[in-house]
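The values are calculated or read from the model by the stated rules, or taken from the named source; none is laboratory data. Remember, it's a predicted structure, so these values are computed and weren't measured experimentally. For neighbour counting, all protein chains shown are included, and Cβ atoms are generated from backbone atoms with ideal geometry for every residue, glycine included. Keep in mind that these areas ignore ligands, DNA and RNA; they rest on the heavy atoms of the full protein, side chains included. Shrake-Rupley method; radii C 1.70, N 1.55, O 1.52, S 1.80 Å.
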Amino acid sequence: MKKKNIVKKLVKLLKKRYGKTVRNYSLSNREVFKVLITTILSQRTRDENTERAANNLFPVADTPEKILKLSHKKLEKLIRPSGPYRQKAKRIKSVSKIILEKYKGKVPKTRKELIELPGVGFKTADVVLMYGHGIPSIAVDTHTNRVPKRIGLIDEKAHVEEVKATLENLIPKKDWYIVNLGLVQFGREICQPIRPKCEICTMSKYCNYYSKILLE
Ligand code: SF4
């Protein structure tokens, strides 16, 4: 089956499973800033640790101004559950300063400007664009990278930027949000890194990984 048709099956499956989670995005500046800071907090740690750190931080400081008013010690203490908290505290301070001074307190709306911020890589920039500003941009995380490669839509050796470009080329823009969100959930629930649940997966008919298992 052609890749375009396999993608259609995948999009249909993801819409069916996760379609209800689609929301009206494009958040207020304060909320976009929180998306950005949460994404920095989430680097190299588990979701539950990110959540604990964010729940400590945002009731105290949820704008660049408020973050800059915190002492380093206080900020470090608040975000301690997020793993390498000293490094993250420095980044959060620098990001807040730049946003305040260079962008008048508004989180930038282009990938180029976002990746110039300290500690902001491609994935973080794409998350902020997509889930904060509501600007379609597929963010490639571990699940978004693994699932399409297993199915055979993307070469195993492709770099994350190639994965992003291929997905954005294969999937209609109107579906980027649900596919991005859906692939992450699907990767957590079904196409897990170890022992994917192929026996209950409706993509198995079109999946390279599953065909290989059958041949073993
Ligand atoms: Fe993942 Fe298995 Fe489904 Fe393929 S068949 S997408 S490997 S869960």
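Numbers below:
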quantity	calculated
The chain: equivalent-ellipsoid semi-axes (sqrt of 5 x gyration tensor eigenvalues, Cα, Å)	35, 18, 14
Solvent-accessible area, 1.4 Å probe, carbon plus sulfur percent, for the stretch 70-205	56 percent
Those residues of the stretch 76-116 whose amide nitrogen sits under 17 Å from the label point placed on E161, 7 Å along Cα→Cβ	111-116
For the stretch 138-184, radius of gyration divided by Kirkwood radius, i.e. Rg to Rh on alpha-carbons	0.91
Selection from V120, G19, T45 lying farthest towards where the dipole of the chain points positive, charges on Cβ	G19
Rounded D (µm²/s) - the stretch 39-99, Kirkwood Rh over Cα pairs, Stokes-Einstein at 4 °C, 1.567 mPa s	116 µm²/s
Mean-position separation - Cα centroids, the stretch 161-197 and the stretch 37-67, in angstrom	25 Å
Protection proxy ranking, peptides 132-139, 28-35, average beta carbon neighbours within 10 Å, highest first	132-139, 28-35
Ordering of 120-128, 188-196 by packing [mean C-beta count within 10 Å, highest first]	120-128, 188-196
Zone of F122's modelled label, taken as backbone nitrogen in the stretch 143-166 under 11 Å from a point 7 Å along Cα→Cβ	158-166
Theoretical FRET efficiency, 1/(1+(r/R0)^6), r = Cβ-Cβ of K9 and E51, R0 25 Å, to 0.05	0.15
Lys, Arg +1 and Asp, Glu -1 on Cβ, resulting dipole of the chain about Cα centre, debye, nearest 20	240 debye
Order by protection proxy (mean Cβ within 10 Å, highest first), peptides 59-71, 145-157	145-157, 59-71
Helix-only mean residue ellipticity at 222 nm for the chain, each DSSP H run of n ≥ 4 adding -39500 (n - 2.57), per residue, nearest 500	-17500 deg cm²/dmol
Paramagnetic reach from N169 (point 7 Å along Cα→Cβ, amide N under 13 Å) across the stretch 123-153	153
